[in-house]
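Written below as structure tokens is the structure these notes are about.
Each reported figure results from applying straightforward, stated rules to the coordinates on display, with no laboratory input. This structure is a prediction, so every number in the text was calculated from the model and none was measured. No Cβ is skipped: glycine too gets one built from the backbone with ideal geometry, and neighbour counts run over all protein chains shown.
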Amino acid sequence: MTAIHPTAIIEPGAHLGAEVTIGPYCHIGPNVVLHDRVQLASHVVVAGRTTIGADSKVYSFASLGTPPQALKYAGEPSELTIGAGCTIREHVTMNPGTAFGRMLTDIGEKCFIMVGCHVAHDCSVGNHVVMANNATLGGHVVVGDYANLGGLAAVHQWVRIGRYAMIGGMSGVDSDVIPYGTVMGDRARLSGLNLIGLKRRGFSRETIHALRTAYRVLFAHEGTMAERLDDVTELFASNDPVMDIVGFMRADSSRTICQPAS
């Protein structure tokens, strides 16, 4: 059963699914779509062309879909989409895309976004991503599935965070982070693989061993990076997780790959 508190403001044109709950003093804009069983606690603002997936829960004082914090934004009808089953805690802010980006900011399914986090314009966040308190994504950041960002981590615009990566708390990330990697520090440096995360997600010992071997080859001091990528490809062509790293490192990017400390 849909439950809307009498103090909530629902603008004409907003679309509400079945069994939606909207708490006191929420404000829902005219172009908002809330899918089935979305729950909004008190004082939530959902503005712009924002869509929130089924079974997501948004806590008090979150602000979703308000205009991007970008000087070149000129009111274009960009979007913010949030997948099903997400938890968005207090004081989270998320902005839609821009015309000089993708016109879209998208959040995957079953993400856990903790207190005070920010997702800027044109970001793309995968499924099952965890952002701990006050973690921040600059514009155009791409975050892969199952990545974890520690509290107070800050990711520079245009950076890519690979799937299953772990960003240590209070890290400043200005380079691309390989899938399955762990980084920490200011400025963040690779400190190895996210072994704890891989074990928790059920990766086999054989797969983890292959990833560790590939990591040592990729970040050895001998040869060029191109040569080391070719060596790893030859050794592990049939190993999908290793090839995830190779493909990530070979993809076009405006950022360099985050390296281990020398």
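In summary, the stretch 139-205 shows an alpha-carbon radius of gyration equal to 1.03 times the 2.2 N^0.38 Å reference for compact globular proteins.
Computed over the chain, relative contact order equals 9 percent, with contacts defined as Cα pairs under 8 Å that lie 6+ residues apart. When 196, 161, 208 are arranged by Cβ crowding within 10 Å, least crowded first, meaning fewest neighbours, the order is 196, 208, 161.
The slack in the chain from residue 256 to residue 1, taken as 0.36 nm per residue of separation less the alpha-carbon distance, amounts to 86.7 nm. Residues whose amide H falls under 5 Å from that of residue 62, counting only those 5 or more places apart or on a different chain, are 45, 91, 92, with hydrogens built in the peptide plane.
For the stretch 67-73, putting each phi into the Karplus relation 6.51 cos²θ - 1.76 cosθ + 1.60 with θ = phi - 60° gives couplings of x, x, 8, 9, 5, 7, 5 Hz, in residue order, rounded to whole numbers and with x for Gly and Pro. In terms of Cα to Cα distance under 24 Å, which lysines are near enough to residue 110, apart from those fewer than 8 places away along the same chain? Answer for residue 110, where 24 Å is the Cα cut-off: 57, 199, listed by chain and number.
For the stretch 21-73, what does the relative contact order come out to in percent, with C-alpha contacts under 8 Å and a separation of six or more?
Numbers: 115 pairs, mean separation 17.5, N = 53.
RCO, the stretch 21-73: 33 percent.
Sequentially through the stretch 232-244, phi angles give Karplus couplings (6.51, -1.76, 1.60; θ = phi - 60°) of 5, 4, 5, 6, 10, 4, 9, 9, 4, x, 5, 5, 4 Hz, Gly and Pro residues having no value and appearing as x. Across q = 0.12, 0.19, 0.28 Å⁻¹, the stretch 199-250 modelled as identical point scatterers on its alpha-carbon atoms has Debye log10 I(q)/I(0) values of -0.25, -0.59, -1.12, in the order of the q list.
When the stretch 3-140 is described by a simple charge dipole with +1 on each Lys and Arg Cβ and -1 on each Asp and Glu Cβ, the residue from 41, 62, 14 located farthest towards its positive end is 62. Fewest-first ordering of 234, 90 by other beta carbons within 10 Å of each residue's beta carbon gives 234, 90. Residues 212, 187, ranked from the fewest to the most other C-beta atoms within 10 Å, line up as 187, 212. Considering all different alpha carbon pairs of the chain, the Kirkwood hydrodynamic radius works out to 19.2 Å.
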